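Below you'll find the structure, written out as structure tokens, and then a few comments.
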Amino acid sequence: MKSEDIVIRISQLKKEKNVIILAHNYQIGEVQDVADYIGDSLGLSQKAAEVREEVIIFCGVHFMAETASILSPGKIVLLPEIRAGCPMADMITASELREWKKNYPGSKVVCYVNTTAEVKAESDVCCTSSNAVEVVESTDGDEILFIPDKNLGSYVARHTKKKIIPWDGYCYVHNNILPKDIMEKRSLYPEAEVWVHPECTPEVIDLADKALSTGQMVREAKETRKREIIIGTETGIIYRMKKENPNKNFYPARDASFCLNMKKINLNKVLRSLEEFIYKIEVPPEISQKARGAIEKMIKIKGGKR
Ligand code: 13P
Ligand code: SF4
């Protein structure tokens, strides 16, 4: 089937079957174009919690679809490609967290949304890259176990007086952006501002003008008077930025910043997901209930505008 025909079929089936399509900012262009809502992890979880449709097709990675499922009990949540996981989310398991916590009695666990539902269920509160500092600040206690991203943990540590003890996880896409990439792009585009994601290393963040979540980047791209911006995150976001700001130029800080898992979903898989209602993401009720507590606590905290 030609892609125009697939797009028409998707839009027919969406209406017939009462489905909403949510997509992360890193999805490929053709998937972003059929989505009803595109956003960052915080925006997507808030959206998932409020949708009226009975079925959510979640174009992102596994932990995001799990979060949507936890926040939308009774709804069907589908991930078009079951192998789309997040390697960073798999860097800590619930049993590893349980063991680790024993070494720090009295401290609180703040988990990045990039974790499995089982890990969220073992945590006190969840955060995303838009609100990590606010979440840590509003958590009781002076010692915080921050999982799984050591880079986001170190970013938070620089913005709070609390003691942050990070787990040793990282995102390979952001960790691979190097100071030399930023310096090379700055010399190629001397007028440009540099925006990077807080999952980048502290050395890269130090060379940037701003550290922003993907949702904040999208918003800032519309608001800034700058016409050239170097973007230090997964390059899928540049499709959206160019589409929404045709008079501005966006350059990847590192050309090969691809999240292979985010790229596993395409138009054909979205259509198959709609036709066959695959792959259903379900979280066992006892885990879902505990994980929901950590996520809802985050949603109630002011900070990290969508
Ligand atoms: P955002 O919440 O900024 O969209 O980040 C999600 C993610 O997976 C970054 O790699
Ligand atoms: Fe996970 Fe990194 Fe991909 Fe985000 S970009 S989903 S953190 S691997």
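The values are calculated or read from the model by the stated rules, or taken from the named source; none is laboratory data. Everything numeric in this text was worked out from a predicted model, so none of it was measured. In this analysis, Cβ positions are derived from the backbone assuming ideal geometry, glycine residues included, and neighbour counts consider all displayed protein chains. To get the accessible areas, we keep the full protein, side chains included, count just its heavy atoms, and leave off ligands, DNA and RNA. Shrake-Rupley method; radii C 1.70, N 1.55, O 1.52, S 1.80 Å.
Look through Glu66, Glu99, Glu81 and report the one residue that is of a type in the set (Asp, Glu) and crowded, with 24+ Cβ neighbours inside 10 Å.
Glu66
Pull out all pairs, ordered by first then second residue, where Cβ-Cβ is under 7 Å, the residues are six or more apart or on different chains, the first lies in region 262-282 and is part of a loop (DSSP other than H, G, I, E, B), and the second is of a type in the set (D, E, K, R) and within 16 Å of ligand 2 (Cβ to nearest atom).
Ile265/Glu81; Ile281/Glu66
Can you find a residue that is touching a residue at least 60 places away in the same chain (Cβ under 8 Å) and not in a helix (DSSP H, G or I) anywhere in region 95-102?
The answer is no, given that none of the residues of region 95-102 is touching a residue at least 60 places away in the same chain (Cβ under 8 Å) and not in a helix (DSSP H, G or I).
Which of the strands (runs of 3 or more DSSP E) found entirely inside region 133-247 contain at least 1 residues meeting this: touching a residue at least 60 places away in the same chain (Cβ under 8 Å), over 23 Å from Met262 (Cα atoms) and more than 16 Å from ligand 1 (Cβ to nearest atom)? Step through it out loud before you land on a result.
On the way: elements: 143-147, 163-166, 193-196, 228-232.
Qualifying strands (runs of 3 or more DSSP E): 163-166.
With (1) closer than 19 Å to Ile278 by Cβ; (2) more than 24 Å from the chain's Cα centre (by Cα) as the list, and Asp5 as the residue in question, which single condition is left unmet?
(1)
Which condition number does Leu79 fail, the rest of (1) in contact with a Lys or Arg (Cβ under 8 Å, 6 or more places away or on another chain); (2) within 16 Å of ligand 2 (Cβ to nearest atom) being met?
(1)
Out of curiosity, is Ile28 within 30 Å of Ser130 (Cα to Cα) and open to solvent by 10 Å² or more (accessible area, probe 1.4 Å)?
Numbers: within 30 Å of Ser130 (Cα to Cα): yes; open to solvent by 10 Å² or more (accessible area, probe 1.4 Å): yes.
Yes; evaluated as a whole, the condition is true for this residue.
Give me the pairs, please: first residue somewhere in region 19-30 and closer than 22 Å to Leu212 by Cβ and within 15 Å of ligand 2 (Cβ to nearest atom), second residue anywhere and of a type in the set (Lys, Arg) and open to solvent by less than 10 Å² (accessible area, probe 1.4 Å), beta-carbon distance under 9 Å, and either six or more positions apart or on two chains.
Correct list of pairs: empty, since none qualify.
Considering only region 59-76, state which residues are under 16 Å from Gly293 (Cβ atoms) and away from ligand 2 (no atom under 15 Å from the Cβ).
Quick first cut of region 59-76, residues under 16 Å from Gly293 (Cβ atoms) only: 66-67, 69-73.
Listed by number, the residues that qualify are Ser69, Ile70, Leu71, Ser72, Pro73.
Quick one: Cys86 ticks every box in (1) within 27 Å of Glu134 (Cβ to Cβ); (2) within 16 Å of ligand 2 (Cβ to nearest atom); (3) surrounded by 24 or more Cβ atoms within 10 Å (Cβ to Cβ) except a single one, so which number is it?
(3)
Looking at region 109-124, is at least one residue within 16 Å of ligand 1 (Cβ to nearest atom), open to solvent by 20 Å² or more (accessible area, probe 1.4 Å) and either out of contact with any Lys or Arg (no Cβ under 7 Å at 6 or more places or on another chain) or in a helix (DSSP H, G or I) (or both)?
yes
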